[in-house]
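K.L.:
Structure provided below as structure tokens; questions to follow.
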Amino acid sequence: MKSIVTKRGDSGQTSLYRGGRVTKNHPRIELGGALDELCSFLGMSKSLLKNKKMKARLAQIQKDLFVIGTEVSTKPPFLNELKHPLNADDVLCLEELIGLLESKNGCRKLVFCLPGENFISSSIDVSRAIARRAERQAAALFKKKHLKNHNILVYLNRLSDFLFLLARCCEGQEIKSF
């Protein structure tokens, strides 16, 4: 049986998908770490929600984050071999979720606000803040041409908007319908 302990990262380097090694503080690895952190906090938020449809939506977002993470950690010459890169349809799904939250749940509080109304909304706000960090890191990679898929930038931007709305909708009570 293989062990999780490989000792290959003991020198401060890690491997990219499909080959190549980079330092553990390389911008690609930093973004991958932010995506992992975001996925974990979304998992916590998902575990707190009672609405089954919203849990399923958050699970899909977590899967999308895995797709983004794979793309970010793939050595550039092999990007065209990825079977399911993030695309405009994935962005559209988030935009539809935003529209549903805006229309069905009457989320009118679209101003800056202090997080911390309750545990559910607070956990979603933490996810939103991490999504913003991931977006900044992705923008830096895109600017340096280390990231080519513009849909990733758009998706992370929409994701933080969605999470802002979701947190506001969860402040007073559990989401009514979805």
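K.L.:
Only one of (1) in contact with an Asp or Glu (Cβ under 6 Å, 6 or more places away or on another chain); (2) over 22 Å from SER123 (Cβ atoms) is not met by THR14, so which one is it?
P.N.:
THR14 satisfies all of (1) in contact with an Asp or Glu (Cβ under 6 Å, 6 or more places away or on another chain); (2) over 22 Å from SER123 (Cβ atoms) except (1).
K.L.:
Write out, first by first residue and then by second, each pair whose Cβ atoms fall under 9 Å of each other, whose residues are 6+ apart or on separate chains, and whose first residue, in region 55-81, is farther than 17 Å from VAL91 by Cβ and in contact (Cβ under 8 Å) with a residue 60 or more places away in the chain while the second is surrounded by 16 or more Cβ atoms within 10 Å (Cβ to Cβ) and acidic (Asp, Glu).
P.N.:
LEU79/GLU71
K.L.:
I would also like to ask the following. Examine region 71-80 for a residue that is modelled with pLDDT under 80, assigned to a helix (DSSP H, G or I) and surrounded by fewer than 13 Cβ atoms within 10 Å (Cβ to Cβ), and state whether such a residue exists.
P.N.:
Checked region 71-80: at least one residue is modelled with pLDDT under 80, assigned to a helix (DSSP H, G or I) and surrounded by fewer than 13 Cβ atoms within 10 Å (Cβ to Cβ).
K.L.:
Taking only pairs six or more apart or across chains, which ones have beta-carbon atoms under 7 Å, a first residue in region 22-50 that is within 18 Å of LEU147 (Cβ to Cβ), and a second residue that is charged (D, E, K, R)?
P.N.:
VAL22/ARG28; ALA34/ARG133
K.L.:
Please give the number of the condition LEU97 fails out of (1) in contact with a helix residue (DSSP H, G or I) (Cβ under 7 Å, 6 or more places away or on another chain); (2) modelled with pLDDT of 95 or more.
P.N.:
In the conditions (1) in contact with a helix residue (DSSP H, G or I) (Cβ under 7 Å, 6 or more places away or on another chain); (2) modelled with pLDDT of 95 or more, LEU97 misses (2) alone.
K.L.:
Sort through LYS46, LYS52, LYS24 and tell me the only one that's of a type in the set (Lys, Arg) and surrounded by 15 or more Cβ atoms within 10 Å (Cβ to Cβ).
P.N.:
Only one candidate qualifies: LYS46.
K.L.:
Here is a follow-up. Consider region 81-105. How many of its residues are surrounded by fewer than 16 Cβ atoms within 10 Å (Cβ to Cβ), of a type outside the set (A, V, I, L, M) and outside any helix (DSSP H, G or I)?
P.N.:
The qualifying residues number 3.
K.L.:
Can you name the residue in region 46-81 that is hydroxyl-bearing (Ser, Thr, Tyr) and within 19 Å of GLY33 (Cβ to Cβ) and, of all such residues, is nearest to the chain's Cα centre (by Cα)?
P.N.:
THR70
The values are calculated or read from the model by the stated rules, or taken from the named source; none is laboratory data. No experiment lies behind these values; they were computed from the predicted model shown. Every residue, glycine as well, gets a Cβ built from its backbone with ideal geometry; the counts of neighbours run over all protein chains shown.
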